[in-house]
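Asks: Dropping a structure here in structure tokens format, bear with me for questions.
The values are calculated or read from the model by the stated rules, or taken from the named source; none is laboratory data. Keep in mind that what you see is a predicted model, and the values were worked out from it rather than measured. Every residue, glycine as well, gets a Cβ built from its backbone with ideal geometry; the counts of neighbours run over all protein chains shown.
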Amino acid sequence: MAACTVRDCGPRDGLQPLAPLAPGVRAELARRLVASGVAHVEVASFVRPEAVPAMAGGDEVLAELGPGTAWWVLVPNARGAELAAAAGAEQLTVTVSASEGYSRKNTRRSIAESLAEFDRIRSRVPTATLDAVISCCFGSPFDVITPGAVAGLVVSLRAAGADRITLADTTGTASPARIERVLDLAGTDLGLHLHDSRGTALVNAYAAWLAGVTRFDTSIGGLGGSPFAPGAGGNLATEELVLLLEELGASTGIDLLDLLVTGRWLASRIGAPLPSRVAAAGRLDDWSATPATPATPTGPASP
């Protein structure tokens, strides 16, 4: 049975567009996700509070959680990396964009400047595990993105000391064809961070899984979206990916029923239903319980 690793970004990417929740509530969400079997959780970001108010108090979230290899923190620059490390973070996600326009909107740097900043982060926190997340890998509202440019960034970031690389569909412009073209050049030893702006996140995950990708970012309930990308939708819902992978015979280690309970708890905290269709409809019935032979018809056949 194939194994897939899921990193739930709900406490960070999922909650960042919403009204702020207290650090203790965000920490409780992270604990519940791990209790459901999620191996990795992005729990906070060390960005300026005035830029993303919902992410204020990242150090308090980490203090609530304590040390652990499950926790990831997003950092935008070397200063953020130092603050995160001082708060106890050992695993950091660092954003570099494939889109020049989005890079300047998101981090106020060019792509070249972001690569230089990644070098500084690597030197400032030499023992941290760094996941370079490349934004806008499959399209951008600001620029034309080519698969070759994405593959070139993958090579550059590996040379700069990235421990892991994740390709992000920041604005939900990916399709199975675009996924295939990028992976053909960039390889499959990387993760995917998918958004569902056009309702294609799950089919894109399926295409990537068929190609050999076994690491995915998600968000419980399908919450999320970048405040710096026009029209960006929520993330690929954790429960939807887990249901799909279960049907494909892939192991995630996640208890879907327990995850759905956590989703209902989160909906009560944000005061709104979650966008995820699986959160609303629940898991599938056990296929093995279906009768082996069809029942005898009792009436006229339907047209």
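Asks: Being surrounded by fewer than 22 Cβ atoms within 10 Å (Cβ to Cβ) and closer than 9 Å to S140 by Cα is the filter here, so list the residues in the stretch 101-115 that pass it.
Replies: Residue satisfying the conditions is G101 alone.
Asks: Residue by residue through the stretch 12-27, note down the ones that are within 19 Å of the chain's Cα centre (by Cα), of a type in the set (A, V, I, L, M) and modelled with pLDDT of 95 or more.
Replies: L15, A27
Asks: Within the stretch 129-138, which residues are on the phi < 0 side of the Ramachandran plot and surrounded by 20 or more Cβ atoms within 10 Å (Cβ to Cβ)?
Replies: Answer for the stretch 129-138, where residues must be on the phi < 0 side of the Ramachandran plot and surrounded by 20 or more Cβ atoms within 10 Å (Cβ to Cβ): L130, D131, A132, V133, I134, S135, C137, F138.
Asks: Tally the residues that are touching a strand residue (DSSP E or B) at 6+ places or on another chain (Cβ under 9 Å) and not β-branched (V, I, T), restricting the search to the stretch 163-186.
Replies: So the count comes out to 10.
Asks: So if I check each of E100, E117, E64, which one is over 23 Å from V154 (Cα atoms) and over 21 Å from the mean Cα position of the chain (by Cα)?
Replies: E64 is the lone residue from the list that is over 23 Å from V154 (Cα atoms) and over 21 Å from the mean Cα position of the chain (by Cα).
Asks: Enumerate the pairs (first residue in the stretch 1-30 and more than 13 Å from T218 (Cα to Cα); second residue anywhere and polar (S, T, N, Q) and assigned to a helix (DSSP H, G or I)) with beta-carbon separation below 8 Å, excluding pairs fewer than 6 apart on the same chain, so at least 6 apart or on different chains.
Replies: Correct list of pairs: L29/T262.
Asks: Right, another one. Filtering the stretch 139-183 down to residues that are among the hydroxyl-bearing types (S, T, Y) and buried (at least 19 other Cβ atoms within 10 Å of the Cβ), which residue is modelled with the highest pLDDT?
Replies: Per the stated criteria, the residue is T166.
Asks: Further question on the same structure: If you take the residues of the stretch 131-154 that are hydrophobic (A, V, I, L, M, F, W, C) and in a helix (DSSP H, G or I), which of them is farthest from A112 (Cα to Cα)?
Replies: A151
Asks: Turning to a different aspect of this structure: In the stretch 238-250, is there at least one residue being at pLDDT 95 or above and either on the phi > 0 side of the Ramachandran plot or loosely packed, with under 15 Cβ neighbours inside 10 Å (or both)?
Replies: No.
Asks: Return the pairs, sorted by first residue and then second, in which the second residue is not acidic (D, E) and not in a helix (DSSP H, G or I), the first residue lies in the stretch 51-63 and is in contact (Cβ under 8 Å) with a residue 60 or more places away in the chain, the beta carbons are less than 9 Å apart, and the residues are 6+ apart or on different chains.
Replies: That search, which allows pairs on different chains as well, returns V52/Q16; V52/P17; V52/S45; V52/P227.
Asks: Given the conditions (1) closer than 19 Å to V6 by Cα; (2) free of Cβ contacts under 8 Å to residues at least 40 places away in the same chain; (3) basic (K, R), which single one is not true for R277?
Replies: Every listed condition holds for R277 apart from (2).
Asks: Can you confirm whether A35 is surrounded by 23 or more Cβ atoms within 10 Å (Cβ to Cβ), among the small types (G, A, S) and closer than 21 Å to T238 by Cβ?
Replies: For A35, the condition - surrounded by 23 or more Cβ atoms within 10 Å (Cβ to Cβ), among the small types (G, A, S) and closer than 21 Å to T238 by Cβ - is not met.
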